[in-house]
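Here the structure is laid out as structure tokens; the discussion comes afterwards.
The values are calculated or read from the model by the stated rules, or taken from the named source; none is laboratory data. Remember, predicted model here, so these are calculated numbers, not experimental data. The protein model used for the area step is the full one, side chains on, heavy atoms only, and it has no ligands, DNA or RNA in it. Shrake-Rupley method; radii C 1.70, N 1.55, O 1.52, S 1.80 Å.
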Amino acid sequence: MNERVHDCSDDGQDGPRQPVHRPVLLHEVVTILELREGLVVVDGTVGAGGHARAIVQGIGATGVLVGLDRDSEILTSARAALADAAASGAEARVSLHHLAHSSMHEALAAAGQPRCDRVLLDLGVSSLQLDRPERGFSFMADGPLDMRMDATAAVSAADWIASATEVEIADTIWRLGEERHSRRIARRLVEARRRTPIVRTAQLAALVVEAMPGAARGGRIHPATRTFQAIRMHVNDELGELRRGLEAALACLRPGGRLAVISFHSLEDRLVKHFLRERCDVVTKKPIVADEAEIRGNARARSAKLRCGIRREDAA
Ligand SMILES: C[S@@+](CC[C@H](N)C(=O)[O-])C[C@H]1O[C@@H](n2cnc3c(N)ncnc32)[C@H](O)[C@@H]1O
């Protein structure tokens, strides 16, 4: 799975389409990571390479950037973005890997690095993924109901909806989407799948809208936003991955090394906050959020929260 060698966010499907290469909280990430010549940096969610471009410039010719993404397709964009950076004078060694961030030790070993000095995790899904209907993440355009970040993973969203019980569907949509109409939606999906398999994003979106009481259909966000977010997080086990990724980061960082995480979901942010409090020296007492100018230019930045911690000498 290893290979050598945008704007990304959570489910910001309700806002207008944004230009693609717009990394969230870029200046804040570069500042909090305290980049300098020669550092070994892991970008565990390299995506389209927006943050990675700035990182390679910050670590100079003697630095090493190890980038990972679960999505092999998106690594093509990262490779292109980083080739541009190299052409513009930053010559840090770059090593890209089709791996989950929980496997960062494997990527570091493949790059010949026993440990690293910095880790960045920018969670959620990329707009490059959202903007491609064939990946099945979006209710904005019809496509197969897939939602797997890693196309080699076994279970797609359609598979899960076909096999989960009504209670499992309702609980997932409630827990990961904080969708108050979760039970009505689950009931509607289970009724509908008895007649026809639910295999398209437009089909799922229409069923969710039908399940909602009339008054709930006209809010600020599309009525299917929370359900799509929950199913995507479940299919990709995003909270489980985050737990494993944080542990992996701590194991790979040198003492004194920095871990920065951008999250877009309250459950993710809570997990990161507690992990940093218990296991690291916290740099950000409060999460860093986007300022109004960034939110005006990029609606997806509005729910981003950046937290950072330092690995202690005695960290397990
Ligand atoms: C918000 S985007 C990252 C954007 C990137 N920072 C940039 O500036 O272009 C999130 C990316 O993380 C990837 N991803 C999500 N969970 C992952 C995981 N557990 N391991 C590796 N990559 C993951 C997604 O496939 C997506 O490409």
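Cα atoms only: what Rg and Dmax, in Å, come out for the chain?
19.6, 61
Convex hull over the alpha-carbon atoms of region 154-235: what's its volume per residue in Å³? Each step should come with its number before you reach the end.
Working: hull volume 6.7 nm³, N = 82.
Dividing the Cα hull volume of region 154-235 by its residues yields 81 Å³.
Under a 1.4 Å probe, what is the accessible area of region 154-235 per residue, stated in Å²?
Value for region 154-235: 50 Å² per residue.
Amide H neighbours of Gly257 under 5 Å, counting only residues 5+ apart in sequence or on other chains, H built in-plane at 1.01 Å?
Arg311
Please report, as a whole percent, how much of the solvent-accessible surface of the chain comes from carbon and sulfur atoms (probe radius 1.4 Å).
C and S fraction of accessible area: 52 percent.
Could you list which residues have their amide H under 5 Å from that of Glu179, counting only those 5 or more apart in sequence or on another chain, with H placed in the peptide plane?
Trp174
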